[in-house]
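I have placed the structure first, in the form of structure tokens, so that the comments after it can refer back to it.
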Amino acid sequence: FTNHYTRYVEVAEYGTVRLSRPENAGEGILEGWELNAQTFFDFAFMPTSLHPLGMSANITHLKGENRVPLGDGSFGDFVVIPGLSKYTLNTSLFYEKDGFSTRLSLNMRDTWVNWYGEGLEEDKGFYGNKTKARVRLDFNMSYDINENFSIYIDVANILAKPFQNYTVNSVDLDGVDGPLDAMSYRYTQDIRDEGRYFGSGFRFSF
């Protein structure tokens, strides 16, 4: 795996320079599982009116770690792989009949690490940047007028939850007991207010 790491480099002209540069991480491991299911509610005991109604869902659990490069050719402890969420969930409820279709889709993604910083030597906690867990809900409806033309309506990001990155500095102090033994500081870095998006139009094919 390759990621950006913060380094302090001695440059003859400028002295100590703080750089963020890509480096190859050390050995790592990635494991997990995924469950998928999809069905229409066309079971014999269901009313005929519900047979075009369906549902799909998948959930993924991943656990991955690799060793952080220390900048001198050696490698440190195992840490969570950047960009990797522990849980990801996608589910949709849809209806399809006689050229008409509609779908409501939910996507949920757990918190993930963007990058690791270079903390103080006495720090033994997490120091770096994360993205807050995300939830997104989208809606789509379309109708095929004939085999060549269809119309559609889209509503994206219905919940309009903001996208948020934040920097964390968790400090574990040796020889200190009580509340000061483990302190965590969180600083908001980036908040993007992603609003709802509405769209409509038609498609044609020949």
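Checking Leu53 against (1) over 17 Å from Pro22 (Cα atoms); (2) of a type in the set (A, V, I, L, M, F, W, C); (3) free of Cβ contacts under 8 Å to residues at least 12 places away in the same chain; (4) surrounded by 13 or more Cβ atoms within 10 Å (Cβ to Cβ), only one condition comes out false. Which one?
Here Leu53 meets the rest and fails (3).
Condition test on Asn66, is it in contact with a Leu (Cβ under 8 Å, 6 or more places away or on another chain) and surrounded by 12 or more Cβ atoms within 10 Å (Cβ to Cβ)?
Details: in contact with a Leu (Cβ under 8 Å, 6 or more places away or on another chain): no; surrounded by 12 or more Cβ atoms within 10 Å (Cβ to Cβ): yes.
Answer is no for this residue.
Out of all the residues in region 23-50, which are surrounded by 13 or more Cβ atoms within 10 Å (Cβ to Cβ) and charged (D, E, K, R)?
Glu23
Only residues that are at pLDDT 90 or above and among the acidic types (Asp, Glu): list them for region 138-150, please.
Once the filter is applied, which keeps residues that are at pLDDT 90 or above and among the acidic types (Asp, Glu), region 138-150 yields Asp138, Asp144.
Quick check on my filter: what residues within region 66-90 are among the aromatic types (Phe, Trp, Tyr) and on the phi > 0 side of the Ramachandran plot?
Within region 66-90, the first condition is being among the aromatic types (Phe, Trp, Tyr), and the residues that meet it are 75, 78, 87.
Within region 66-90, none qualify.
Would it be correct to say that Gly99 is at pLDDT below 95, more than 28 Å from the chain's Cα centre (by Cα) and open to solvent by less than 50 Å² (accessible area, probe 1.4 Å)?
Considered against the rule, which asks whether it is at pLDDT below 95, more than 28 Å from the chain's Cα centre (by Cα) and open to solvent by less than 50 Å² (accessible area, probe 1.4 Å), Gly99 comes out as yes.
Hey, among Ser142, Ser85, which residue is surrounded by 17 or more Cβ atoms within 10 Å (Cβ to Cβ), within 27 Å of Glu23 (Cβ to Cβ) and small (Gly, Ala, Ser)?
Ser85
The values are calculated or read from the model by the stated rules, or taken from the named source; none is laboratory data. Please read these numbers as outputs of a predicted model, since none were measured by experiment. When we count neighbours, we look across all protein chains shown, and the Cβ atoms used for this are built from the backbone with ideal geometry, even at glycine. These area figures cover heavy atoms from the full protein model, side chains too; ligands, DNA and RNA do not enter into them. Shrake-Rupley method; radii C 1.70, N 1.55, O 1.52, S 1.80 Å.
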